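Contents: one structure, followed by commentary.
The values are calculated or read from the model by the stated rules, or taken from the named source; none is laboratory data. Because the structure is a prediction, the values reported are computed rather than measured. Glycine gets a Cβ as well: all are built from the backbone with ideal geometry, and neighbour counts include every protein chain shown. These area figures cover heavy atoms from the full protein model, side chains too; ligands, DNA and RNA do not enter into them. Shrake-Rupley method; radii C 1.70, N 1.55, O 1.52, S 1.80 Å.
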Amino acid sequence: MENFTFIIFLLLCLALPLSLIRKGSFAVSARIARMLIVLSAAAYFTVWFVKRSKYPFVMDAMAVQIINKLPQALDFYVVRVNDAESPGEPYDLKHAGRVRPEHYQVEYLKMDHSGEFWIAGYLGKKNMVYFSQHAVPNRSSDQVVEVHNYINQSQKLSKTAGLLIDAQKMRNHRISIYVTLSFLLIFLNGVLLFRRH
């Protein structure tokens, strides 16, 4: 995701100097290239926003219901621990979101190659006040996790989860910068593309 967003951003940056070519044999090619870049970027971000706004239900997935019984709202993350023989990354991280007291959030995890997940809860941006480790003996049975106390079941595992969460926050921050700048460039390129010469 980040790589595609960065590539779109670079192409939109490239399209700006192409707007200076107004005469000569390359003028038509430059205009067509700018049009393709702007339309492709607009289509890419439209699909991206539609995907992000869809309800996160996953077929044949295990539902994890996180119920916040604490007096303060916490920001929850769910880490699926993949089996050692499974392909890909050893961990899969999902941001469950901010859950208010006496409310819940449901996340869906594909547990085909996993038998364990972790839940981390943050009070503020950097203060992890809750961490729990959950084994899944029956992968077809949904899980309910009630958060009653500020606990940390494993300092070592919570440190690993914290590093994963910090890395994702950094990635999300970079993506948000690229997306914001790309929208600005789409607007500028669109104005330059469709103005009368």
Before I look further, what does segment 91-197 give for accessible area per residue, probe 1.4 Å, in whole square angstrom? 62
Quantify, in whole percent, the carbon and sulfur part of the accessible surface of segment 69-197 (1.4 Å probe; protein heavy atoms only). 54
Working out 0.36 nm times the residue gap between Q168 and F26, then minus their Cα-Cα distance, what length gain in nm do you get to one decimal? 46.9 nm
Tilt of helix 2-18 relative to the longest C-alpha principal axis of the chain, in degrees (0 to 90, nearest 10)? 20
With n ≥ 4 as the cut-off for DSSP H runs, can you work out [θ] at 222 nm for the chain, using -39500 (n - 2.57) per run divided by the number of residues, rounded to the nearest 500? -15500 deg cm²/dmol
Hey, if you put +1 on the Cβ of every Lys and Arg and -1 on every Asp and Glu Cβ in segment 102-165, which of A120, T160, S132 ends up farthest toward the positive end of that dipole? T160
Take the Cβ-Cβ distance between Y104 and V47 as r, set R0 to 30 Å, and report the resulting FRET efficiency rounded to the nearest 0.05. 0.50
Can you tell me the accessible area per residue over segment 1-43, all protein chains present, probe 1.4 angstrom, in square angstrom? 65
Treating only the Cβ atoms of Lys and Arg (+1) and Asp and Glu (-1) as charged, compute the dipole magnitude of segment 54-145 about its Cα centre; round to the nearest 20 debye. 520
What angle, in degrees between 0 and 90 and rounded to the nearest 10, separates the Cα long axis of helix 155-194 from the longest principal axis of the Cα atoms of the chain? 20
Just tell me the longest site-free run in the chain, where the sites are GluC sites (Glu not before Pro) in a DSSP loop having at most 14 other beta-carbon atoms within 10 Å. 103-197
